[in-house]
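What follows is a set of notes on a single structure, which appears directly below.
The values are calculated or read from the model by the stated rules, or taken from the named source; none is laboratory data. Source: prediction; values computed, not measured. All Cβ positions, even for glycine, are placed from backbone atoms using ideal geometry, and neighbour counts span all protein chains on display.
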Amino acid sequence: MKNVLSWILVLFLLVSVLNNCLSNSVQKEASQKVAFIDNLRKLYSSGDSSKWPKPILDPESKPSFSEIGHLPDVQFPSDNQYSSEKELLGKTLFFDPRLSKSNQIACASCHDPELGWCDSRTFSFGHDRQIGTRNAMSILNVAYAKSLFWDGRAKSLEEQSQMPIQDEREMSEHIDIAAGKIGKIKGYEILFEKAFGDKSVTKDRISKAIATFERTVKSSSSKFDKFIDGKSEIYTNDELMGLHLFRTKAQCMNCHNSGYFSNSKFENVGTSLLGEKGEDLGRYLITKNAEDAGKFRVPSLREVPRTGPWQHNGSMMTLTEVIEFYSKGNPEYSQKRSTVHEGITLHSQKSGMVRMLELSDEEISQLEAFLRTLSTKTDRITVPELPR
Ligand code: HEC
Ligand code: HEC
């Protein structure tokens with residue numbers, strides 16, 4: 001009997017020692033995690049990005065890499081300098097449907113300030129309610145884009161602005177006729193005179209004024225900007241971990257980098273649907289280089305929560321869906337994407353920088369929480385009175 005009792009005592013002691021050890025190690029792990037997060041918070045909100053943890057980058061991305069951070073000041077080209085008069089004229093034209101054939105569709109119809117300066121649609125509709133084939137891009141921060149459109153077919157905002165006016169599915173108006181119509185509106189004379197020195201209306205001046213206005217449509221300081229400037233308490237742990245994942249394990253920064261969150265290059269992430277309904281050859285249509293089939297311009301991620309649905313074809317309805325797509329490494333290769341275009345066989349070569357990431361559900365939601373800190377609130381825009 002005595003023997004049995006002492007055995008029970010020994011067993012009891014053993015269990016309690018083990019239990020103690022276990023809870024110690026759980027506690028230790030938890031306190032290590034807290035220390036890790038505290039340290040990350042200190043580094044990322046230090047105001048000095050050289051103190052941040054080193055990013056995980058592919059060798060391929062290094063030549064075009066620059067660290068994420070604030071947007072720099074907007075540069076205006078020397079042949080189209082800023083003036084507030086030109087901005088006002090450009091804004092007025094941007095909201096004026098008389099640039100279109102039907103007198104019904106303005107730039108702002110598809111680039112609506114209340115909808116993140118795009119239109120919340122998969123595909124826009126334009127003249128005669130015809131549907132386009134690509135998702136409307138936001139013009140927020142477009143001053144920083146090195147080329148315009150998903151395929152980069154316009155080199156400057158001045159060049160770009162005439163394209164939607166002439167596009168049959170968008171505003172469907174000949175640019176000379178559009179300029180002629182604006183020239184006949186008395187109320188525009190004073191606006192052109194103030195912006196350009198005399199009242200003559202030309203397509204060139206229309207382009208310059210619209211481009212000047214677009215360069216002023218810029219994000220204010222986001223939660224991300226405030227956090228990295230030292231407001232260390234404004235980020236939740238999830239937002240902080242999302243930022244860290246973005247720069248490290250998830251490797252988003254291979255392509256989405258700089259203050260604009262884009263390397264301004266063309267990349268193939270496997271969205272081109274070659275050989276299928278909805279196929280889009282992207283950059284290839286401009287360069288005719290086979291390796292460009294299925295490449296699109298890396299979009300900025302500033303304000304991205306406000307510009308859905310996402311991708312060149314608006315095919316993704318939530319940000320979670322976009323991040324899950326990257327996490328799986330988009331196994332497009334298994335679908336043998338190829339197509340014959342004008343007698344030439346083209347293949348979709350997905351970038352080597354898109355690979356299986358195996359993010360956990362927690363990590364996916366942390367990345368999304370971080371992306372949401374790149375957004376700012378919708379500014380109330382006063383729509384200018386249209387001249388008569
Ligand atoms: C019918 C809808 C529609 C109208 C009207 C329209 N756009 Fe667009 N806009 C789009 C779509 C769709 C795209 C993307 C097209 C593509 O990449 O091929 C786009 C792209 C752009 C871009 C490129 C942004 C970037 O980041 O590269 C700019 C700038 C722009 N539009 C300005 C304008 C201006 C200025 C006007 C008026 C003169 C205008 N848009 C009228 C739908 C429209
Ligand atoms: C290889 C370069 C590359 C990498 C790496 C990459 N992206 Fe992208 N990203 C792109 C390109 C190119 C597009 C446009 C694709 C399209 O329109 O079909 C895009 C589109 C997006 C969009 C949609 C933007 C819009 O306006 O529609 C989001 C959101 C996004 N990426 C987030 C991420 C996140 C988060 C990561 C990391 C998990 C990441 N990207 C990694 C190149 C890349």
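Take segment 99-136 and flag every residue that is within 16 Å of ligand 2 (Cβ to nearest atom), out of contact with any helix residue (DSSP H, G or I) (no Cβ under 6 Å at 6 or more places or on another chain), of a type outside the set (Phe, Trp, Tyr) and at positive phi.
Within segment 99-136, just Ser120 meets the criteria.
Every residue in segment 21-52 that is touching a Gly at 6+ places or on another chain (Cβ under 9 Å) and part of a helix (DSSP H, G or I), please.
Within segment 21-52, Ser49 is the sole residue that qualifies.
Does any residue of segment 54-68 turn out to be in the same structural domain as Ala195 (by TED's automatic domain parsing), farther than 27 Å from Asn313 by Cβ and part of a helix (DSSP H, G or I)?
No: zero hits.
Rundown of residues vs (1) within 11 Å of ligand 2 (Cβ to nearest atom); (2) more than 30 Å from Lys377 (Cβ to Cβ); (3) not acidic (Asp, Glu), yes/no style:
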{"residue": "Glu214", "(1), (2), (3)": "no, no, no"}
{"residue": "Val217", "(1), (2), (3)": "no, no, yes"}
{"residue": "Ser222", "(1), (2), (3)": "no, no, yes"}
{"residue": "Asn237", "(1), (2), (3)": "no, no, yes"}
{"residue": "Arg247", "(1), (2), (3)": "yes, no, yes"}
{"residue": "Ala250", "(1), (2), (3)": "yes, no, yes"}
{"residue": "Cys255", "(1), (2), (3)": "yes, no, yes"}
{"residue": "Asn313", "(1), (2), (3)": "yes, no, yes"}
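Mind listing just one residue for me: the one in segment 266-279 that is surrounded by 14 or more Cβ atoms within 10 Å (Cβ to Cβ) and more than 8 Å from ligand 2 (Cβ to nearest atom) and, of those, farthest from Lys62 (Cα to Cα)?
Only one residue fits best here, namely Gly275.
Residue pairs, Cβ under 6 Å, 6 or more apart or interchain, first in segment 347-359 and farther than 15 Å from Leu281 by Cα, second part of a loop (DSSP other than H, G, I, E, B) and of a type in the set (Val, Ile, Thr). List them.
Val354/Val269
Just checking, how many residues over segment 281-308 are in a loop (DSSP other than H, G, I, E, B) and either among the hydroxyl-bearing types (Ser, Thr, Tyr) or more than 8 Å from ligand 2 (Cβ to nearest atom) (or both)?
The number of residues fulfilling the criteria is 10.
All but one of (1) surrounded by 19 or more Cβ atoms within 10 Å (Cβ to Cβ); (2) on the phi < 0 side of the Ramachandran plot; (3) in a loop (DSSP other than H, G, I, E, B) hold for Arg355; which doesn't?
That leaves (1) as the condition not met.
For residues that are loosely packed, with under 12 Cβ neighbours inside 10 Å and over 16 Å from Ser258 (Cβ atoms), tally how many sit in segment 61-82.
Final tally of qualifying residues: 3.
Please list, ordered by residue number, the helices (runs of 4 or more DSSP H) wholly in segment 156-224 having 1 or more residues that are touching a strand residue (DSSP E or B) at 6+ places or on another chain (Cβ under 8 Å).
Per the criteria, 157-160, 162-166.
Kindly check whether there is at least one residue in segment 137-152 that is away from ligand 2 (no atom under 16 Å from the Cβ) and not in a helix (DSSP H, G or I).
Looking through segment 137-152, none of the residues is away from ligand 2 (no atom under 16 Å from the Cβ) and not in a helix (DSSP H, G or I).
If we keep just the residues of segment 117-136 that are touching a residue at least 60 places away in the same chain (Cβ under 8 Å) and surrounded by fewer than 21 Cβ atoms within 10 Å (Cβ to Cβ), which is nearest to Ser221 (Cα to Cα)?
If we take residues in segment 117-136 being touching a residue at least 60 places away in the same chain (Cβ under 8 Å) and surrounded by fewer than 21 Cβ atoms within 10 Å (Cβ to Cβ), then Ser120 is nearest to Ser221 (Cα to Cα).
Name, by its number, the condition in (1) buried (at least 19 other Cβ atoms within 10 Å of the Cβ); (2) on the phi < 0 side of the Ramachandran plot; (3) under 20 Å from the mean Cα position of the chain (by Cα) that does not hold for Ser348.
Of (1) buried (at least 19 other Cβ atoms within 10 Å of the Cβ); (2) on the phi < 0 side of the Ramachandran plot; (3) under 20 Å from the mean Cα position of the chain (by Cα), only one is false for Ser348: (3).
Select from segment 362-388 the residues that are among the aliphatic types (A, V, I, L, M) and away from ligand 1 (no atom under 16 Å from the Cβ) and list them in ascending order.
Ile364, Leu367, Ala369, Leu371
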